[in-house]
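**Q** Here it is, the structure, as structure tokens.
Please treat every number below as a calculation from the coordinates, not as lab data. Just so you know, these numbers come straight off a predicted model, no measurement behind them. In this analysis, Cβ positions are derived from the backbone assuming ideal geometry, glycine residues included, and neighbour counts consider all displayed protein chains.
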Amino acid sequence: MSDLLERLRGRGWRLTSQRRVVAQVLDGDHVHLTADEVHARAARELPEISRATVYNTLGEMVSLGEVMEVSTDGRAKRYDPNAHHPHQHLVCSRCGTVRDVHPSGDPLADLPAAERFGFSVTEAQITYRGLCPACG
């Protein structure tokens, strides 16, 4: 069973066949699919799955905190199942490919006190951009 399926089951989330196939499509490293990509892949396994069901399921997974929405440059939202594994993103500026990266260091600690302007900083989202090998 996938990590995402285990987490959802552990929360007592009812795993219908539709929900299960959406979770299975999202399982894995470096998975950052759009809702339409999730629907296309899920429909290969379960042809009767509707686009609305996929969107609703993704929304529920995000609300539960088990999947993150990732937005890059106004493109379609992508869904990242690695919600419980701290990481940043590397995005291809041309094709939009997204990869998880794990830089060393603490981005919260890297922000000098003088640049915090009195904020109590609790989170940092860093996106690295460049060209992937296919576009480079």
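**Q** Show me the GluC sites (Glu not before Pro) within segment 66-136 that DSSP assigns to loop and that have at most 13 other Cβ atoms within 10 Å of their Cβ.
**A** Hits after loop and neighbour filter: GLU123.
**Q** Nothing charged except the Cβ atoms of Lys and Arg (+1) and of Asp and Glu (-1): what's the magnitude of the dipole of the chain about its Cα centre? Round to the nearest 20 debye.
**A** Computed about the Cα centre, the dipole is about 380 debye.
**Q** Another question, then. Quick check on segment 60-136: take the gyration tensor over C-alpha atoms, sort the square-rooted eigenvalues as a ≥ b ≥ c, and tell me if it's rounded (a/c under 1.5), prolate or oblate.
**A** oblate
**Q** When the Debye formula is applied to the Cα atoms of segment 88-130, each taken as the same point scatterer, what base-10 log of I(q)/I(0) results at q = 0.18, 0.23 Å⁻¹?
**A** The Debye formula, applied to the Cα set alone, gives -0.63, -0.81.
**Q** Once you mark the chymotrypsin sites (Phe, Trp or Tyr not before Pro) that are in a DSSP loop and have at most 14 other Cβ atoms within 10 Å, what is the longest gap between them in the chain?
**A** The answer is 1-116.
**Q** How do MET61, MET68 rank when sorted from fewest to most other Cβ atoms within 10 Å of their own Cβ?
**A** MET68, MET61
**Q** Where a ≥ b ≥ c are the square roots of the eigenvalues of the C-alpha gyration tensor, would you call segment 3-80 rounded, which needs a/c under 1.5, or, failing that, prolate if a/b is larger than b/c, or oblate?
**A** Verdict is oblate for segment 3-80.
**Q** All other residues with a Cβ under 14 Å from the Cβ of ASP110 taken together, and with Lys, Arg as +1 and Asp, Glu as -1, what is their net charge?
**A** -2
**Q** Can you give me the Rg/Rh ratio for the chain, using Cα atoms for both radii and the Kirkwood formula for Rh?
**A** Using only Cα positions, Rg/Rh for the chain is 1.02.
**Q** When the dipole is taken about the Cα centre of segment 3-80, and only Lys, Arg (+1) and Asp, Glu (-1) are charged at their Cβ, what size is it in debye, to the nearest 20?
**A** 260
**Q** Among HIS30, HIS84, which comes first, then next, by fewest other beta-carbon atoms within 10 Å?
**A** By the 10 Å Cβ count, ascending: HIS84, HIS30.
**Q** In terms of the Cα gyration tensor, with a ≥ b ≥ c the square roots of its eigenvalues, is segment 64-108 rounded because a/c is under 1.5, prolate because a/b exceeds b/c, or oblate?
**A** Oblate is the answer for segment 64-108, as a/c is 1.5 or above yet b/c matches or exceeds a/b.
**Q** Right, another one. Taking the dipole about the Cα centre of the chain, with the C-beta of Lys and Arg at +1 and of Asp and Glu at -1, give me whichever of VAL25, PRO47, ALA114 is farthest to the positive side.
**A** Farthest towards the positive end: PRO47.
**Q** Right, next: Sorting ILE49, ILE126 on the 10 Å Cβ count, fewest up front, what's the list?
**A** Final ranking by Cβ density, sparse to dense: ILE126, ILE49.
**Q** So, counting K/R as plus one and D/E as minus one, what does the shell of residues with Cβ under 13 Å around CYS132 add up to?
**A** +3
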